[in-house]
Amino acid sequence: MAMQSTPRLLILENASVYAPEPLGLCSVVIAGGRILAIAPASDAGCLTASSDSAFGLPTGLPIERFDCGGQRLTPGFIDAHAHITGGGGEDGASTKVPPPWFSDFTTAGVTSVVGLLGTDDVTRTTAELLAGVRALKEMGLSAWCWTGGYHLPPTTLTGTIRGDIVHLDAVIGAGEIAISDHRSSQLTLEDMLRIAGDCHVGGMLSRKAGVMHLHLGDGSRGLELIRAALDSAEIPARVFQPTHVNRRRALLDEAFALAERGCHIDITAFPVADDEDAYSAEVALQRYLAAGLPPANISVSSDGGGCLPEFDEHGKMTSMSVGRSHSLHQMLARAVALGVPFEFALSAITSNVAEHLRLAGKGRIRPGFAADLLLLDEAGEVDCVIADGEWLVKGKEALRLGVFEPEPSR
Ligand code: ZN
């Protein structure tokens, strides 16, 4: 359960709403953690009434009004690939990455998180991952997770992927199962089909997405296994979701062909150098749009808390950096600078993710939906964040920190 707060009506006034589609200047009314109403600023007579009897509600009901000053109000970001327990470990236990702090998510505008295990699914466990999901929820975010990790047999709590999806509320599918990577279990087509089938059926039995979220390495086999799976089995294309597909330029082309066949592809907002054989997330989005592919079949995630390692030809790690959810709003600002429509780039970290992963009531500014919202300043920096109707960040200041999180130095 999220933290308790005083019940009140919150009215966000004078906000330039992107739902993600642009709605113009509006007021948004929030109560009980949900969006009640959205009214165009020109037509907001009742919302701007100065008495607390607005809407004919009983007097004495606390009303909080907040002037957004014309800033962009968007749905809270959904980061569907975050190492909430910390990732890494590819050069020994001392290189295990610590878990991100609570405010690493909130100050990045992330209000929904899907956690996962990566290379280290040996010393890190599904139980620890589920505890990480509960911790984020206790603190006021929405969270889910993928079960498994890079390897086979998959790390699970109940013994099977299908069992984890059906029995554990937080589990929405399996991931990140690694393919075309020297760190993978070198899956066969048969392995692939069995896991995808378990995800699909587990999802059906529990009304969840039942997605197989696949980590792609640098290997030249690329997306071959997914193509073979689509060619040979009855499993719907939406079940297969390859991620990191912008890490090699040719891999992105392969991913585009899969998006056309109905797969949902995920790109990673990692840093890309000019001379690198990779595309930044914003360039990948620009190319996707130019290719005229189904607009809903693409998303962007951060790999937050994950290690971003480089390896030599012998598989020895030569350097590493750590992913952060902040790369999402940075991607958004850079995409706009490239000429990508703001609402398209925004949908890749909000509505597209919620709809593919069946996160009900998330990813859009719409009456009845969760009051997960954020305000972006002119530079595209995250200024304010509201999750389930509660302020978590105001004026760029984190109002709530993790239990053991140090106060930020100012
Ligand atoms: Zn990965």
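The values are calculated or read from the model by the stated rules, or taken from the named source; none is laboratory data. Keep in mind the model is a prediction, meaning the values are calculated, not measured. Note: ideal-geometry Cβ built from the backbone for every residue, glycine included; neighbour counts use all protein chains shown. Protein only, heavy atoms only, side chains kept; ligands, DNA and RNA dropped before computing areas. Shrake-Rupley method; radii C 1.70, N 1.55, O 1.52, S 1.80 Å.
In what order, largest first, do T126, T6 sit by accessible area if the probe radius is 1.4 Å?
Sorted descending by solvent-accessible area, the residues read T6, T126.
Take the Cα of E64, step 7 Å along the line toward its Cβ, and report every residue of the stretch 119-161 whose backbone nitrogen sits under 16 Å from that point.
Label zone hits: 140-141.
Binning every alpha carbon pair distance of the stretch 20-161 at 10 Å from zero, what are the percents per bin?
Result, from short to long distances: 10, 30, 23, 17, 14, 7, 0 percent.
What distance in nm separates the two pseudo spin-label positions at A250 and L36, each 7 Å out from Cα along the beta-carbon direction?
Distance between the two pseudo-spin positions: 5.8 nm.
Okay, helix-only estimate at 222 nm for the chain: each DSSP H run of n ≥ 4 adds -39500 (n - 2.57), divide by all residues, round to 500 deg cm²/dmol; what do you get?
Mean residue ellipticity, 222 nm, calculated: -7000 deg cm²/dmol.
Let me check the size of the stretch 200-280 from its C-alpha atoms; what are the radius of gyration and Dmax in Å?
13.6, 47
Net charge within 11 Å of G380 by Cβ-Cβ distance, Lys/Arg positive one each and Asp/Glu negative one each, not counting G380 itself?
Counting the neighbours of G380, the net charge comes to -2.
What do you get for Rg/Rh of the stretch 79-168 when both radii come from the Cα atoms and Rh is the Kirkwood radius?
That ratio equals 0.97.
Work out how far the C-alpha atoms of the stretch 158-257 reach from end to end along every principal axis, then list the three figures in whole Å, largest first.
Each principal axis gives a Cα extent; for the stretch 158-257 these are 38, 26, 22 Å.
Taking +1 at the Cβ of each Lys and Arg and -1 at the Cβ of each Asp and Glu, which of Q71, L168, S185 sits farthest along the dipole of the chain towards its positive end, judged by Cα position relative to the Cα centre?
Value: L168.
What distance in nm separates the two pseudo spin-label positions at R194 and F404, each 7 Å out from Cα along the beta-carbon direction?
3.8 nm
In the full protein assembly as shown, how much of F270 is accessible to a 1.4 Å probe, in Å² to the nearest 10?
It works out to around 40 Å².
Tilt of helix 327-337 relative to the longest C-alpha principal axis of the chain, in degrees (0 to 90, nearest 10)?
80 degrees
How large is ³J(HN,Hα), in whole Hz, for each residue of the stretch 18-23 in order, when computed from phi with the Karplus curve 6.51 cos²θ - 1.76 cosθ + 1.60 and θ = phi - 60°, using x for Gly and Pro?
Per-residue couplings from phi come out as 10, 9, x, 5, x, 10 Hz.
Sort out for me the Cα centre separation of the stretch 160-196 from the stretch 330-390, rounded to whole Å.
So the two Cα centres are separated by 28 Å.
Step through the residues of the stretch 220-230 one at a time and calculate ³J(HN,Hα) from phi using the Karplus curve (6.51 cos²θ - 1.76 cosθ + 1.60, θ = phi - 60°), rounding each to whole Hz and writing x for Gly and Pro.
5, 5, x, 9, 3, 5, 5, 4, 5, 5, 5
For the chain, what value does the Rg/Rh ratio take when both radii are computed over Cα atoms and Rh is the Kirkwood radius, given to two decimals?
That ratio equals 0.98.
How long are the semi-axes of the equivalent ellipsoid of the stretch 320-385, taking √(5λ) for every eigenvalue λ of the Cα gyration tensor, in whole Å from largest down?
For the stretch 320-385, the semi-axes come out at 21, 15, 13 Å.
About the Cα centre of the stretch 205-344, how large is the charge dipole given +1 on each Lys and Arg Cβ and -1 on each Asp and Glu Cβ? Please answer in debye to the nearest 20.
Around 540 debye, computed over the stretch 205-344.
Which percent of the accessible area of the stretch 238-283 is formed by carbon and sulfur heavy atoms (probe 1.4 angstrom)?
Accessible surface attributable to carbon and sulfur in the stretch 238-283 totals 47 percent.
If you take every residue apart from S301 with its C-beta less than 11 Å away from the C-beta of S301, what net charge results, scoring Lys and Arg +1 and Asp and Glu -1?
That works out to -4.
Which far-off residues, 5 or more places away or on another chain, put their amide H under 5 Å from the one on R8, with H placed in the peptide plane?
Residues meeting the amide H criterion: G32.
Counting only heavy atoms of the protein chains, get the accessible area per residue of the chain (1.4 Å probe) and round it to a whole Å² value.
So the chain comes to 40 Å² accessible per residue, rounded to a whole number.
Scattering from the C-alpha atoms of the stretch 230-361 alone, worked out with Debye: what is log10 I(q)/I(0) at q = 0.17, 0.18 1/Å?
-0.92, -1.02
Charges only on Cβ, +1 for Lys and Arg, -1 for Asp and Glu: so what's the dipole of the chain about the Cα centre, in debye to the nearest 20?
In debye, rounded to 20, the chain gives about 980.
Which one of L136, H314, F102 has its Cα pushed farthest toward the positive end of the charge dipole of the chain, where Lys and Arg give +1 and Asp and Glu give -1 at the Cβ?
Of the listed residues, the answer is L136.
Which is the longest stretch in the chain that no exposed loop site breaks, taking sites as GluC sites (Glu not before Pro) with a DSSP loop state and at most 14 other Cβ atoms within 10 Å?
Formally, the longest exposed-site-free interval is 1-233.
Between A228 and V336, what FRET efficiency comes out of the Förster formula 1/(1 + (r/R0)^6) with R0 = 30 Å and r the beta carbon distance, rounded to 0.05?
Plugging the Cβ-Cβ distance into 1/(1 + (r/R0)^6) gives 0.20.
Once amide H atoms are built 1.01 Å from N in the peptide plane, which residues 5 or more positions from N246, or in another chain, come under 5 Å H to H?
T268
Please report the net charge: other residues with Cβ closer than 9 Å to the Cβ of S180, K and R +1, D and E -1.
That works out to -2.
Percent of Cα-Cα pairs more than 12 Å apart in the stretch 244-286, please.
Percentage above 12 Å: 55.
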